[in-house]
Amino acid sequence: MRRDTSSLAAALLTAATFAARKHRDQRRKDAEASPYINHPIEVAEILARIGGVDDVTVLQAALLHDTVEDTQTSPDELEREFGSTVRKLVEEVTDDKTLPKLERKRLQIEHAPHLSPRAKLIKLADKICNVRDVTHSPPKGWDEQRRIEYFDWAAKVVAGCRGTNRALERHFDALLRDADGLMNPAGASQKRRTT
């Protein structure tokens, strides 16, 4: 049976357009202040290209994964536009911004093993994008120590998602090795907790 690729493309483009509208005034924290929308597009692209993910629901949720957390989007609005499954996936990977930052980070580590397999895919791709960005284009004011702390924390979150997609996990590990090489060019590599 042949899939209707035009409706799949339309579903993805609808999610991308919605995310672009919601994130339109936001910028990333890197020195270039790149448009925020680049991030969710890259998360979806990594899922498809590296992870081999062709589940349109996962790809839509990847495009929308920061809308509830970082914009004025409500879960109900997401459900009206994209259905309950996309809403639930986005909610699974959404931090509670009413909590202090350190608590949110602790909860990401704690909750990662309990995410659904689809949400784990999104979490893996999100951490891949973030580690790559912190390595090559870190937020303004982040010194080497803060970057290393981010890598260690991201490795702990990813440890809870392992067994989901080997290609994404291998890519994440390779990025950490690259980050180690850049941070420690003399070969004094930091040991990462990836298990």
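The values are calculated or read from the model by the stated rules, or taken from the named source; none is laboratory data. Computed from a predicted structure; not experimentally measured. All Cβ positions, even for glycine, are placed from backbone atoms using ideal geometry, and neighbour counts span all protein chains on display. When the accessible area is computed, the model is the full protein with side chains, heavy atoms only, and any ligands, DNA or RNA have been set aside. Shrake-Rupley method; radii C 1.70, N 1.55, O 1.52, S 1.80 Å.
Computed quantities for the displayed model
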read-out	value
Residue ID - nearest to the chain's Cα centre (by Cα), chosen from residues in the range 59-114 that are open to solvent by 70 Å² or more (accessible area, probe 1.4 Å), closer than 20 Å to residue 20 by Cβ and free of Cβ contacts under 8 Å to residues at least 12 places away in the same chain	79
Selection within the range 91-119 - among the hydrophobic types (A, V, I, L, M, F, W, C) and part of a helix (DSSP H, G or I)	102, 107, 109, 112, 119
Pairs with Cβ under 7 Å, 6+ apart, first in the range 131-147 and at pLDDT 95 or above and outside any helix (DSSP H, G or I), second open to solvent by 30 Å² or more (accessible area, probe 1.4 Å) and of a type in the set (Phe, Trp, Tyr)	none
Enumeration of residues in the range 21-51 that are surrounded by fewer than 16 Cβ atoms within 10 Å (Cβ to Cβ) and closer than 11 Å to residue 168 by Cβ	49
Among (1) acidic (Asp, Glu); (2) at pLDDT below 95; (3) surrounded by fewer than 14 Cβ atoms within 10 Å (Cβ to Cβ), the one test that residue 54 misses	(2)
Any chance residue 16 is open to solvent by 30 Å² or more (accessible area, probe 1.4 Å) and either touching a residue at least 40 places away in the same chain (Cβ under 8 Å) or within 22 Å of residue 130 (Cα to Cα) (or both)	no
Any hit, the range 79-90, residues being assigned to a helix (DSSP H, G or I) and touching a Pro at 6+ places or on another chain (Cβ under 6 Å)	yes
Enumeration of residues in the range 148-179 that are of a type in the set (Gly, Ala, Ser) and modelled with pLDDT of 95 or more	154, 155, 159, 160, 163, 167, 174
